[in-house]
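Step one of this worksheet: look at the structure below.
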Amino acid sequence: MTDGDLPVRHGEADPGDVRIHYAEAGKGPLVILLHGFPNFWFTWRHQIPALVAAGFRVVAPDMRGYNRSSKPSGIASYHPELLTRDVARLMDHLGEERAAIVGHDWGGGVAWMFAMGYPERVSRLAILNCPHPERMLAGLRMPRQLVRSWYMFFFQLPWLPEALLRAGNYAALRMVFRKDPARPFPEDEIDRHVEALAQPGALTAAISYYRALFRVPPAEQRRRLRRIEQPVLVIWGERDRYLLRELAVPSPEWVPNCRVEYLPEATHWVQHDEPERVNRLLVGFLQP
């Protein structure tokens, strides 16, 4: 099946409690691409063809709550343990024991946690503009980062965030896609993102990622930290409005085998802003 100009096949993994929709293309070693907020699998539209051409089997899921995947109710349904378990069950469905994991934004958070919780299933890890959990905890003690993270606290309110984001046919989200990146998203792609988030339950599910995380005490989050021994690549757009540049580098105590590549002109939406550069970095890193 084709999706625009992307030669992808669509499938579903149904491990029992949730149904995970995914787009798939190519053959070879498995690479799983995890999207962030407020995206869905299509955010990887520029990376999928490049990775397929490099000889990889690429799978880009809609994470639980997003687009065509199940949208379970309740904040507890978006606990970080469940998000990482979804990745493991997706791999089981695909018949793969190990994969390279690539994540952006919230997908990067899930990728970090998956590498700590399921180390035997990760061959390599690539992170785009998402701090390691230990760095994020440190960042939330920094006044400059707290100012940038205001929306995470706003999302803890009931119903009001959803109401404001829906107002004016999702005008605030449309403005993010037009103004935040170094180059605006095309209007048809903005429409696709809005359509995905406008599905019943989808917007509350996406915000519930933040609500569920804030219900895990920082002390418990620290206890869950595990050393990641696999090779790690961090790609960081330096013009990120939401995350300080100094959060890009994880502590060697937790991630001893890490390389950080800064893209000075890219924003938080790094794989959209500079797709060719990101593709070269990913292909070079992921190839054995």
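Each reported figure results from applying straightforward, stated rules to the coordinates on display, with no laboratory input. Quick caveat, the model's predicted, so the values are computed rather than measured. Because the Cβ atoms are built from the backbone with ideal geometry, glycine has one as well, and the counts that use them run over all protein chains shown.
Looking at E229, is it of a type in the set (D, E, K, R) and either farther than 26 Å from V147 by Cβ or in contact with a Phe, Trp or Tyr (Cβ under 6 Å, 6 or more places away or on another chain) (or both)?
On the way: of a type in the set (D, E, K, R): yes; either farther than 26 Å from V147 by Cβ or in contact with a Phe, Trp or Tyr (Cβ under 6 Å, 6 or more places away or on another chain) (or both): yes.
For E229, the condition - of a type in the set (D, E, K, R) and either farther than 26 Å from V147 by Cβ or in contact with a Phe, Trp or Tyr (Cβ under 6 Å, 6 or more places away or on another chain) (or both) - is met.
Name the pairs whose Cβ atoms lie under 6 Å apart, with the first residue in region 27-38 and over 14 Å from E97 (Cβ atoms), the second of a type in the set (V, I, T) and outside any loop (DSSP other than H, G, I, E, B), and 6 or more positions between them or separate chains?
What qualifies is V31/V58; L33/V102; L34/V110; H35/T43.
Kindly provide the set of residues from region 1-50 that are under 24 Å from E187 (Cβ atoms), touching a helix residue (DSSP H, G or I) at 6+ places or on another chain (Cβ under 8 Å) and among the hydroxyl-bearing types (S, T, Y), ordered by number.
Within region 1-50, T43 is the sole residue that qualifies.
Looking at this structure, is F37 of a type in the set (F, W, Y), buried (at least 18 other Cβ atoms within 10 Å of the Cβ) and touching a Gly at 6+ places or on another chain (Cβ under 6 Å)?
No, not satisfied.
Report yes if V283 is closer than 24 Å to R183 by Cβ, touching an Asp or Glu at 6+ places or on another chain (Cβ under 9 Å) and surrounded by 13 or more Cβ atoms within 10 Å (Cβ to Cβ), otherwise no.
When the stated conditions are applied, V283 does not pass them.
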